[in-house]
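Structure, as structure tokens:
The values are calculated or read from the model by the stated rules, or taken from the named source; none is laboratory data. Since the model is a prediction, treat every value here as computed from it, not as a measurement. We place every Cβ from the backbone using ideal geometry, glycine too, and count neighbours over all the protein chains shown. Protein only, heavy atoms only, side chains kept; ligands, DNA and RNA dropped before computing areas. Shrake-Rupley method; radii C 1.70, N 1.55, O 1.52, S 1.80 Å.
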Amino acid sequence: MRILVLGAGGIGGYFGARIHAAGGDVTFLVRPARAAQLRENGLKVSSPSGDLQINPRVLTRDELSVHFDVIMLSCKAYDLESSIEAITPAVGEQSVILPLLNGVLHIDTLVARFGPQRVLGGVAFISVMLTPDGEIKHHFKLHKLFTGALAPQPSQWLQPVAQLLSSSGFDFTLSDNIEQAMWDKFVFLSTLAGSTCLFRASIGNILSTVAGQAFITGLLAECARVAEASGHAVADAQLAAYRKQLTDSGSGLMASMLRDIERGGPTEADHILGDMLARAQANGVEAPMLRLAYSHLQAYAIRRQAATN
């Protein structure tokens, strides 16, 4: 089973390195500068679950000329179209794509391009960042990955890839309802990103403000109502677990979207908060806190665009 991982940033680099270390046949498809960096220095992962140093097999887009069995898509949502073009030469008749993007909007795009049989559902729960020198920093011990079939007839590669992932040193679940798992994270991430980006602070810092806890719990409730109206209600126990995690007064948790803002980069606001708000409007769900959080990120994007003109 030949695996192609698009990108060797935080998520793709982390899970790809773990799969490689477990004996998986992994190749990373990266840009030329990253390829040169990896060929010279290897791929280093610093993690509370154990550090890794591997010498990865890498390809650039110009070097890609063969099909792969499993293609792990770990790009940011705003790079989805270019990423699809990059992986297309690797997609054969029996290939399957495992996307680890946030939200749910990308699934329709991938299915429209490659067909339902070639697209799995995927969810990653992890806090990672790529340092300027190319090292992957894994924060906290959380490193979960879920996958599962979206089509009635699953790909022939689903069971083999599940077996490999289950032995790769992170928490893995083969889900029989991966769409719901994606929606569960969609609700959590919309709340986390909306709150930490609006307040420009970690969960613990937000909870120290006079309105912080009310905003976080209110936003979580709004997003949960959108999920329910969309046919993907989050289970009460799961929602209670999210509420507990998002009201931990000592938490340093913040969304990667906030780190994107702090470095002046683009964000996935449209793909996450914008899509959640669009679904709220389509289903007649009132979501004033979600609207405020998304408006804040829109204002950031407007200022960022103006600065580049």
Cβ-based charge dipole, segment 1-150, positive-most Cα from 80, 66, 7: 7
Residue by residue, what Karplus-based ³J(HN,Hα) values in Hz, rounded to whole numbers, does segment 275-289 have, using 6.51, -1.76 and 1.60 with θ = phi - 60° and x for Gly and Pro? 5, 4, 5, 4, 6, 4, 5, 5, 9, x, 9, 6, 9, x, 6
Hey, any idea what % of the chain's accessible area is carbon plus sulfur with a 1.4 Å probe? 50
What do you get for the angle between helix 236-246 and the principal long axis of the chain? Use alpha-carbon atoms, 0 to 90 degrees, nearest ten. 80
Convex hull projection area averaged over all views, segment 184-309, Cα basis, nm²: 7.4
When the Cα centres of segment 121-162 and segment 252-309 are compared, how far apart do they sit, in Å? 24
Rounded to whole Hz and in sequence order, give me ³J(HN,Hα) for segment 125-138 from the Karplus expression 6.51 cos²θ - 1.76 cosθ + 1.60, θ = phi - 60°, writing x for Gly and Pro. 10, 6, 10, 9, 8, 9, 7, x, 8, x, 7, 9, 9, 9
Got the relative contact order for the chain handy, in percent, Cα pairs under 8 Å and 6 or more residues apart? 15
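Expected output is a single nm value to one decimal: the length gained when fully extending between residue 229 and residue 205, i.e. 0.36 nm times separation in residues minus the C-alpha distance. What is it? Mind dumping the intermediate values first?
Working: separation 24, 0.36 × 24 = 8.64 nm, distance 3.15 nm.
Extending this stretch completely gives an extra 5.5 nm.
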Send over a whole-number figure in Å² for the accessible area per residue of the chain, probe 1.4 Å. 44
List every residue whose amide H lies under 5 Å from the amide H of residue 25, counting only residues 5 or more places away in sequence or on a different chain, with H placed 1.01 Å from N in the peptide plane. 3
Phi-derived 3J(HN,Hα) across segment 177-182 with the Karplus relation (6.51, -1.76, 1.60, θ = phi - 60°), rounded Hz, x for Gly and Pro, is 8, 5, 5, 5, 4, 5
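How high is the FRET efficiency between residue 139 and residue 93 when r is their beta carbon distance and R₀ equals 35 Å, given to the nearest 0.05?
Numbers: r = 40 Å, r/R0 = 1.14.
Working from the Cβ atoms, E equals 0.30.
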Using only the alpha-carbon atoms, how far is helix 10-21 inclined from the longest principal axis of the chain? Give it as 0 to 90 degrees, nearest 10. 40
Name the long-range amide H neighbours of residue 119: under 5 Å, sequence gap of 5 or more, or other chain; modelled H, no Pro or chain starts. 97
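Quote the FRET efficiency, to the nearest 0.05, computed for residue 46 versus residue 243 with a Förster distance R0 of 41 Å and r equal to the Cβ-Cβ distance. It would help to have the intermediate numbers written out before the result.
Numbers: r = 31 Å, r/R0 = 0.75.
Calculated value: 0.85.
Work out the length of the dipole vector of segment 182-309 about its Cα centre, built from +1 on the beta-carbon of each Lys and Arg and -1 on the beta-carbon of each Asp and Glu, and round it to the nearest 20 debye.
Values: 11 positive and 11 negative charges, 63 e Å.
I would put it at about 300 debye.
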Which label belongs to the value computed from this structure, given these candidates for Kirkwood radius over Cα pairs in Å: (i) 19.5; (ii) 20.0; (iii) 21.2? (ii)
Of the beta bridges DSSP finds with both residues in segment 1-58, what % are antiparallel, to the nearest 5? 30
